[in-house]
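See structure below.
Each value in this text was obtained by applying a stated rule to the coordinates, not by laboratory testing. None of these values were measured; they are calculated from a predicted model. Here the Cβ is made from the backbone with ideal geometry for all residues, glycine too, and neighbour counts use every protein chain on show.
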Amino acid sequence: MINSRLLAMAGMALSQLFLCTLAVAQPEVSRVDSVSISVSDLQRSVEFYRDVLGFREVAEREQSGNDMEHMFGVFGMRVRVERMQLGEEFIELTQFLAPRGRPMPADTRANDGWFQHVAIIVSDIEKGYSRLRSFKVEQASTGPQRLPDWNPNAGGIKAYYFRDPDGNFLELLEFPPGKGNQKWARRDGTLFLGIDHTAIVVADTEASLHYYRDLLGMKVVGRSENYGTEQEHLNNVFGARLRITTLHAAAGPGVELLEYLAPRSGRAYPADTLPNDHWYWQTNLRTADLGALAGAALDAHVSSYAGGVTRLSDASPGYQAGLVLRDPDGHACLLAEESSASREGRDRSH
């Protein structure tokens with residue numbers, strides 16, 4: 001007769017093995033590839049990011065056709081895209097040649113729901129600020145702010161908001177010793193070092209975590225609650241009090257969730273936004289199992305610009321298939337399966 005205790009132990013072992021198998025098999029985002037920024041004049045923007053901020057041009061492409069229209073939900077679209085690199089990170093500047101979208105609202109504020117920026121790390125924020133002033137770059141903060149020491153997770157960080165030629169928000173960020181990725185401690189005379197994260201305004205942190213952490217598999221790596229005069233002058237929002245949560249995939253810059261606990265006066269992300277509208281940004285995510293992850297997203301009723309995964313006839317964007325999702329607040333994420341040529345090119349660039 002088989003011992004009942006042994007049977008129970010065997011059952012528990014099988015259950016644990018099954019759960020481990022599920023955990024291993026769970027599809028997830030493997031990296032944040034880049035952030036797409038909408039621009040109205042590609043050449044002007046390339047010159048700004050290159051000559052003012054130290055980005056270098058990597059590749060330019062022009063895209064159109066039925067597959068792109070179906071993936072992005074914009075009929076008759078033709079876009080020019082410039083991929084640019086700073087340090088180890090990338091942005092993609094995107095100009096819609098047709099059809100033209102709506103301009104960025106002139107009164108956009110840092111607590112509006114469509115707010116998104118990339119945080120550019122500098123070795124010396126005062127030098128970075130002086131450089132921006134010399135180019136007459138539009139300010140969004142009153143000046144660089146040093147976050148107070150009473151805040152254990154943010155104390156000593158120096159930050160400053162400004163705008164590109166289209167009014168897109170950007171941030172300069174300097175980490176003190178012991179904070180941030182170790183690579184940002186580099187001091188070899190280089191001023192602009194790379195991109196630490198992209199930040200988005202969210203209405204409910206828990207709802208966003210369900211999307212980015214529970215569904216896409218990103219990991220929470222930091223939390224903070226920021227307020228006080230320094231935060232108000234950084235965001236240029238009186239009474240600003242933010243719950244900040246940072247997530248990372250296995251590689252690439254982070255995604256930072258900014259929930260304004262106060263004031264709650266920010267406007268919602270427009271529900272009728274299309275990718276050719278100039279407030280549209282897109283976080284470009286890569287996964288090794290697009291079918292499974294896209295299926296899980298659609299099964300969870302995540303909003304998208306298309307009914308399913310679109311296969312591309314041209315892999316020049318760096319991926320062969322993709323699905324553009326909208327997070328709980330409307331921010332766009334391109335979930336894509338990268339091409340082998342893209343992986344080889346990335347390996348060569350490093």
ask   = Over all distinct Cα pairs, what is the inverse of the mean 1/r for region 116-262, reported as the Kirkwood hydrodynamic radius in Å?
value = 15.7
message = Run through region 58-134 and list the chymotrypsin sites (Phe, Trp or Tyr not before Pro) located in a DSSP loop whose Cβ has at most 14 other Cβ atoms within 10 Å.
response = PHE75
message = Report, to one decimal in Å, the Kirkwood hydrodynamic radius for the chain based on all distinct Cα pairs.
response = 21.3
task = Would you mind giving the average projected area, over all directions, of the Cα convex hull of region 26-108 in nm² with one decimal?
result = 7.6
inquiry  = Just to compare against my own numbers: the Cα pair-distance distribution for region 72-127, 10 Å bins, whole % per bin, please.
reply    = 16, 32, 40, 10, 2
remark   = Counting only residues 5 or more apart in sequence or on a different chain, those whose built amide H sits under 5 Å from that of ILE157 are LEU147
query = How far is helix 290-299 tilted, in degrees, relative to the longest principal axis of the Cα atoms in the chain, given as a value from 0 to 90 rounded to the nearest 10?
reply = 90
task = Identify, among ALA159, SER208, HIS278, the residue whose Cα sits farthest towards the positive end of the charge dipole of the chain, taking +1 on the Cβ of Lys and Arg and -1 on the Cβ of Asp and Glu, with the dipole about the Cα centre.
result = ALA159
ask   = Lysine pairs, Cα distance under 22 Å, 8 or more residues apart or cross-chain: how many in the chain?
value = 9
ask   = Over what distance in Å are the Cα centres of region 125-176 and region 182-196 separated?
value = 15
ask   = Considering amide H positions built from the backbone, and no H for Pro or chain starts, which residues 5 or more places from SER34, or on another chain, come under 5 Å of its amide H?
value = ASN284
remark   = Amide H proximity to GLU89 below 5 Å, modelled H, separation 5+ or other chain, gives ILE195
